[in-house]
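Here is the structure we will look at.
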Amino acid sequence: MQRDWMKSSATYTLVDKDHKKGVKHSFSYLAKDVKAETIAAFGEIIESFTEGKITDATVSSTEHVGVQAQSAPTETPNTEAASAQGETAPVEAPKA
């Protein structure tokens, strides 16, 4: 199984006089290997131009996981034998 990083985003919870329970703000396009110190520093920048306080930060990443399907071996139908007996031979689906 192969895992490939696709994207990461950070969500900050900001509490202020108008949002006592907090309001969430999300930021996309984070680096794959973003460090906790960088997330905290950006939270401080957000606090510097707002009247609120950052109470929480969450980083979420999306990865693509490659899954290889294992198919059972298929038998090739004997169409001549099936036609002689008046039966319809099964049709094999095309392989993707």
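Scanning segment 23-43 for residues that are closer than 18 Å to T55 by Cβ and polar (S, T, N, Q) turns up just one, S26.
For segment 1-45, a residue qualifies if it is surrounded by 10 or more Cβ atoms within 10 Å (Cβ to Cβ), among the hydroxyl-bearing types (S, T, Y) and closer than 24 Å to E63 by Cβ, and the qualifying residues are S8, S9, T11, Y12, S26, T38.
Going by what's in this entry, would S48 be described as surrounded by 11 or more Cβ atoms within 10 Å (Cβ to Cβ) and either at pLDDT 55 or above or farther than 15 Å from S8 by Cα (or both)? No; evaluated as a whole, the condition is false for this residue. Out of segment 40-56, which residues are farther than 10 Å from H25 by Cβ, touching a Phe, Trp or Tyr at 6+ places or on another chain (Cβ under 9 Å) and not in a helix (DSSP H, G or I)? Once the filter is applied, which keeps residues that are farther than 10 Å from H25 by Cβ, touching a Phe, Trp or Tyr at 6+ places or on another chain (Cβ under 9 Å) and not in a helix (DSSP H, G or I), segment 40-56 yields T55, D56.
The values are calculated or read from the model by the stated rules, or taken from the named source; none is laboratory data. Worth saying up front: this structure is predicted, and the values here are computed from it rather than measured. In this analysis, Cβ positions are derived from the backbone assuming ideal geometry, glycine residues included, and neighbour counts consider all displayed protein chains.
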